[in-house]
Every structure is written in structure tokens, then in C-alpha cells.
Amino acid sequence: MAWYCRGWTCGHEGIRFGGLPGFYAHAVPYDYTFIQECLAKPLVPQYNGGIVINPELNEGLKGWEAFGETTVKHVESNDAWLRVSRGNADVAAVFKTQNDNEKKKERETDISIGWVKARSGCWSMLKAGFVVATSTTARLIFKFPFQARKRRVKFRVLDQKNRPVQNATVSFKQIKPKFSLGCTINPNVLTNAAYRNWFTSRFKFTVFENELKWYINEKTRGVENYADADALTEFAKAQGITIRGHNVHWDNPDLQPPWVGGLSPADLAAAVDKRINSVVGRYRGEFIHWDVVNENLHFNFFESKLGANASSIIYQKANMIDGEMTPFLNDFGTIEYGDDAAVSPAKYLQRIAEIRGQGYEGPLGIGLEGHFGFLSHSNAPNLPHIRSALDQLASAKLPIWVTEFDVGPDPNQAKYVDEILRELQSHPAVEGVMIWGAWTPNGCYRMCLTDNNFNNLATGDAVDKIMSEWRYVPELPTAVDSNGYVEASLFHGQYEAQVNLMRSLEGEGERERERKGDEYTKLHNFDVEEAPEEVHFRIHFE
């Protein structure tokens, strides 16, 4: 069937542009079909596959290829199936288009077009709509979760004459992971040895629960108290634990010190300025981040009192006092659920643009609280929504942290913790997650990881399991092949490789052998994310 349009009105004779005679185009009618069930045999692709090359795999894997550690197989039998190897997976369909703007550094632009729940052993239908505003070539990519953060690297051991060594083994030790997973603490960690041991055996990143909030530090105007914050800072430093600062100011009018509400604009401006100088100056160089104006997408206390550019001024002052830390925005609801227009990814990006437009040009970070099940929402995560929101926020090219992660009480709480943490860790734009689970004898804010005897709850077991998976555990040394090669699949991070040579190299004399013995060891540090795909080790006797 053909369609006919004049202007924006369409009939069934073809498409005529601008109402002019002689210009016609033909199109197929729109297919409204959608099948939710997972089918043993797939239906014929709509529009016969459209622009997709070899859509039904009638020509093997022509036009299809795998990236990363994913494999694609075409199996022919009585029934031809394409499926995930095991379990279920939310799969994204993404168009990668060439950039028309030569001035832009990015060679390609990703356009997310839809999601599908792929299941083992059957076919699922993906249906989506999209507009590609480019006339250049495009690739259709299917993204599976949990493929980022790990990379296969090939190592080659060579002698001083660049010949492959065949009698060496290589082992690896992770020095520092790229992805940061931490947890809140409070003063209980200073007085409870069991709590302290439980915490320090797991986490190298932390944030204080309440001890750096203005209404805690200055309950009475002019009387400051940083005793607990100071003690927690010294504790973390002594343990080699990295600290995020939370928070300098809070835009919620209900969470100000009790004496702030009645101040005149001039007095408030002076108090705000004094607070920034006091807290940021006190901990200059100690923290990697500060949540500078907390929740200033949902609230606008300082903007309503001091003007629309109040936040940008506060960010500027914080950055001037401590240029080593990254100032963060921080708000809830952006990834947890999709029905809060105030903190949609588009609004978040707009807020960043506003702060930039008001003159702040310094560093910025994107903080996403991640309180799942908050404000009567379901605790169950919407994983495709999380991915889509992160994709959009990543376009700002700023560091992204999930700053206050927890899941509300639920029979499936531990399961949701596992699913969400894996989802967050798999996204290349997310640099770290802080679990909001500081312990007190009376419980935790919303989610505890242990009981009062510091035996793990199910949520703690979920966190331990996932941390053990992300932490590279040294394997037995691997022997190189006949060409001096060995391969390893490593999580992103900093590593030390140890090359062991079990006998002297060809051409070395007995005196050298006696001096060095039967084993020669060489260490090499490298970053998995930044290393080339092939790393060469050259063995030289000293």
C-alpha cells in the first residue's frame, strides 16, 4: 500500500513533497504489531529487516560481529535460534553514527533506540522508534550488560634482543581497582572495635553520615563544632581510606541550622560565605569530592533568598578554597525512578548548563543519590531506566558517582542490591558508588549490611560477593606460549605484573647463571584501562 501526503495531510497514493506535482515517494504502511512473549521460533522481521544487513542470518554471520568478550554464534539445526548463552539479560539497541561536525573530538555519537529482555532458549522482540539527524553511515549495536570494566590484554615476554622468551611465567597483582565502592561511617566506628574491623576489612572509600552537615556543625550561630568530623577524618586517613565530603550547603529549606531561616539576605549571604570558608578550608586537601549545594534540583532555598546565581557563586568559592577536590551536584530520583520531572536526566543536564552559564567554569561532578524505594516507590529497580539515564548524563563528560546507595526494606532487598550494583559498575561513566549504610545500635538509615554482632545480613553478603568478584585474585603464574605470549582478562585498575624466568637466557654464561641463580624476576606496573592491547616485557640482566 502507498501513502499520499499534501503538507502534513496524508492519503493513500504516495508522498508528494510541498504539494508540488511530480515529486512522489512510496512507503510501506506502519506495522503496529508487537509480541511480548518469548517465542520458540521468531517471526519474520518487520519490513523484511529494513536497513539491517542479513537480518535473518540467512548468510551466516555476514554483517554481524562481536565486541569485547562477547561471542556471537550462528547455529544451524532443525530450528535456528539466536539467544543469550544463559539466564536473562536486558539488551540495548544503539545506533552509532558518524559525527557531522569535524570540530568535535568524538568520532561517533551513540543514540539509544530501545531495550529488550533477552532470554535463553527463545526469541524476544525489540521494537523502538528513533530519528538519526545525519546522512553518514551508522552501525546498529546490541549492548549486553556487565561488559565494561574488564579487558583482555595480551602480554609478550622478550629478551634483550627482542626474541620471544619461552621459559617464563607471568602473574598479576591488582594494586588499585578503577571502580570505587565505599560505605558511610559515623562516630560508632571510633568506639566499637567490631564495627571498625568489619568496615576496614572491606572498604577503602567512605563518606560521613551527618557529621559535616551545617546544622550539625553550627547549631548555634557562631559556635562551630567539628569534633566528630575531625575524629572520623583522622581515622580514615590512618586506615588509608579516601573520603568524600557531604555536604557544604543544602538547598532544602527544612534542613538549615535553626537560626538561618530568619536572617536577612545580607546576613544570610555572610553566613553562607563564612560556612564555605570554614568547612572547605578546614579540610582542604583531605577530601576528593564535596557535595557543594545538596539537592539543588529539587529545592532552591539559597536561590530564593540570594538570587538565581547563588549556587554558581557557592561552587566558585568552594573551588577557589580547595582546587584539589571536585565539587559535586547531588540529588535523588534521577536513576531510581522516572516520574520526577524535577530531576530527569534532561533537567540535570539543564542545571549543569545553568551553573556554567552563570559563570562557574571549574570542575563539576554528577552525584546521584540512589535511594531505591524512596518516597513510596517500588524497591525493584528499573534497570533499563538506570542505563538510559546514565547514558544521557554521561554526555556531559563529567565524573558520575552514586553517592548514597540503598534499597528500602523488602524480601528481595539483597537481590536488588546485587542487580543495581552490577548495573552501576557495568556503566563506563560511573566512577564509584557509596553505600548509605552507616551502622548504629538502633539500626541504619534505610539499609543495614550487618546485625549488631557484625554478622553479615543478606545485603552484606551480596556486597561481599560482588566485591570479591570485582577484586582481581592472583592466579597461579601462567606459562608463556612458544612465541612468548600470555593473555589475561583483567578488571580495570592498576596492576603489577611479575615475570619469572626459571633458567638463564640463551647466550648467558655460567658465571651469570651462578650470580643470578635459576630464577630471575622482573616487575612491571601498568594500568589496564590505559595500556595498549599488547604489552611487551623485555628481560635484561643487570
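Over the range 145-256, with the other protein chains present, what is the accessible area per residue in square angstrom, probe 1.4 angstrom?
Values: 4720 Å² over 112 residues.
Result: 42 Å² per residue.
Annotation: amide H of THR242 within the under-5 Å range of PHE205, THR206, sequence separation 5 or more or interchain, hydrogens built in the peptide plane. When you restrict to C-alpha pairs under 8 Å that are six or more residues apart and normalise by the size of the range 160-277, the relative contact order lands at 24 percent.
A protection proxy built from the mean count of other Cβ atoms within 10 Å ranks the segments 324-334, 425-435, most packed first, as 324-334, 425-435.
Which pairs break 29 Å Cα to Cα here: LYS178/LYS397; LYS176/LYS522; LYS150/LYS465; LYS219/LYS305; LYS178/LYS522; LYS173/LYS213? Mind showing how you got there, number by number?
Values: LYS178/LYS397 17 Å; LYS176/LYS522 20 Å; LYS150/LYS465 17 Å; LYS219/LYS305 20 Å; LYS178/LYS522 24 Å; LYS173/LYS213 39 Å.
Flagged as over cut-off: LYS173/LYS213.
Solvent-accessible surface of the range 382-472, taken per residue with a 1.4 Å probe and all protein chains present: 37 Å². Split the accessible area of the range 231-327 by element, probe 1.4 Å, and carbon with sulfur accounts for 50%.
The protection proxy used here, the mean number of other Cβ atoms lying within 10 Å of each residue, ranks peptides 490-501, 202-213, 262-273 as follows, highest first: 202-213, 490-501, 262-273. Distance from the Cα centre of the range 228-282 to that of the range 327-370, in angstrom? Distance between centres, Cα-based: 20 Å.
The values are calculated or read from the model by the stated rules, or taken from the named source; none is laboratory data. Values in this document were obtained by computation on a predicted structure and should not be read as measured data. We place every Cβ from the backbone using ideal geometry, glycine too, and count neighbours over all the protein chains shown. We work out accessible area using only protein heavy atoms, side chains counted, and drop any ligands, DNA or RNA first. Shrake-Rupley method; radii C 1.70, N 1.55, O 1.52, S 1.80 Å.
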